[in-house]
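One structure is given here, and the rest of the page talks about it.
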Amino acid sequence: RVLLVGPSDSGKSTLARVLTAYAVKLGRTPLLVDLDPSGNNLLSVPGALACSPVAPDAVSVTTHGNDGSIPNGTTSLVFWYGSTDATASQELFK
């Protein structure tokens, strides 16, 4: 289990992509969880919290998104938070 935290623009999303691809290469099916409702979502639209298992075809060279996102062949669980500010409704995180 890995939890990535840090200041804005410190490479958290990039490291998440690298670790996810590495886990898939080892034959695992990692569960990628995106708890950042800001505009830098890996799995869904801004204002959403999401998680999804990542299949091997999602990180291959031919299917990897040009925008840096991780395409997914499985269905993600997505909760639309309704705001790109995580402090807007803190009771939802409890």
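Scanning the stretch 13-34 for residues that are open to solvent by less than 60 Å² (accessible area, probe 1.4 Å) and not hydrophobic (A, V, I, L, M, F, W, C) yields SER13, THR20, PRO30, ASP34. Residues that are loosely packed, with under 15 Cβ neighbours inside 10 Å, at pLDDT below 65 and β-branched (Val, Ile, Thr) within the stretch 36-94 comprise VAL61, THR62, THR63, THR74, listed in sequence order.
The values are calculated or read from the model by the stated rules, or taken from the named source; none is laboratory data. Predicted model only: the values in this text are computed from it and were never measured. Cβ coordinates were reconstructed from backbone atoms using ideal geometry, including for glycine residues, and neighbour counts include every protein chain displayed. Note: areas computed on protein heavy atoms with side chains; ligands, DNA, RNA excluded. Shrake-Rupley method; radii C 1.70, N 1.55, O 1.52, S 1.80 Å.
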